[in-house]
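What follows is calculated from the coordinates using simple rules that are stated; it is not laboratory data. Everything numeric here is computed off the predicted structure, so don't read it as measured data. Cβ atoms come from the backbone with ideal geometry, glycine included; neighbour counts cover every protein chain shown.
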Amino acid sequence: MDYTYLYSTRIQKTFDEDQADILSVIRVEFAKNPELEVQLLNYYKGMPVSFKAKIAGVDKHSLDLDVHPQQAVAISAEHYTFIRSNLFKFDIIAKAQYVNIRRQAILLRQMCYVEIVAENRKHIRLKLDPPIKAVFNSSTGIVRGKLIELSMAGAVMTVELPFNEVIGEEANLSVMVPDIEQNTTYNIKLPAKLISVLDETKPRRFKFSITADDSISDRVISKYLYHRQVDIIRELKAASELGLPKLQATP
């Protein structure tokens, strides 16, 4: 899974030198305080998951942590985590070489200073499961696809068939939003603007800014996103309680 869109790097020297500095600082502080903790942050299906983690060990190239089981589940999904500590000017991203949910343990490598740009968003953008049907009325024709991500201000739509898109084009995005409580589906039309196209995957992904410009659309989307967030929390909790160990080596 691609998570690079969540951050921008803030390399101070070189990647290797920065990592050496990060581990050196943690090693020194850990020697002073064996109860040393850091804050971890992941975006699990778009939802922030953040718990404290206790340093368990530090060597020349890696960092061992004892973590909250829900954090371990989130890390196992995409094999990364952000580290936040008053010891550092910048946040840090690290790749997870090893994750064991049952033992609540992880091993981190390849650390780099970053700015977490995802925190600049005004709204949480959640991954949808299952995706929901959507139609974009472009100037080149009707485009049918599925929304795979949604927030109150944006959406990502996958499209199987090619079409001549125009970046910056504004048109209605029609979305079939389910309402679980009422056992119905609302077909709402949202003013949308195509802001980027991600071509590296198939199907192609189209990113929109959207506006819920009436009370009904606003209520339907906010209610749907609330229930989606509840589902993600339940899924995270269930996976952590199941405690299946997951070991993953990264190159």
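Please list, in order along region 215-226, the HN-Hα scalar couplings obtained from phi with the Karplus expression 6.51 cos²θ - 1.76 cosθ + 1.60 (θ = phi - 60°), rounded to whole Hz, x for Gly and Pro.
5, 5, 4, 4, 5, 4, 5, 4, 5, 4, 5, 4
What list of ³J(HN,Hα) couplings, whole Hz, do you get for region 187-196 from phi and the Karplus terms 6.51, -1.76, 1.60, once you set θ to phi - 60° and write x for glycine and proline?
Along region 187-196, the couplings run 9, 10, 10, 10, x, 9, 10, 6, 10, 6 Hz.
Under the rule a/c < 1.5 gives rounded, and otherwise a/b versus b/c splits prolate from oblate, where does the chain land using the Cα gyration tensor?
Prolate, since a/c reaches 1.5 and a/b exceeds b/c.
Name the residues whose placed amide hydrogens come within less than 5 Å of the amide hydrogen of L36, ignoring near sequence neighbours (fewer than 5 apart) on the same chain.
Placed amide hydrogens put I55 under 5 Å from L36.
From the square roots a ≥ b ≥ c of the eigenvalues of the alpha-carbon gyration tensor of region 4-120, which class results: rounded (a/c under 1.5), prolate (a/b over b/c), or oblate?
Oblate, since a/c reaches 1.5 and b/c is not below a/b.
Expressed as a whole number of Å, what is the distance separating the alpha-carbon centroids of region 13-36 and region 159-198?
Spelled out, the Cα-based centre of one part sits 46 Å from the other.
How do F82, F90, F15, F206 rank when sorted from fewest to most other Cβ atoms within 10 Å of their own Cβ? Spell out each step's value before the answer.
Values: F82 23, F90 18, F15 14, F206 26.
Ordered by Cβ neighbours within 10 Å, fewest first: F15, F90, F82, F206.
Work out how far the C-alpha atoms of region 126-235 reach from end to end along every principal axis, then list the three figures in whole Å, largest first.
Result, largest extent first: 38, 30, 20 Å.
Quick one: give the max-minus-min coordinate of the C-alpha atoms of region 66-150 along each principal axis, largest first, in Å.
Rounded to whole Å, the extents work out to 52, 33, 21 Å.
Could you list which residues have their amide H under 5 Å from that of G46, counting only those 5 or more apart in sequence or on another chain, with H placed in the peptide plane?
The answer is K127.
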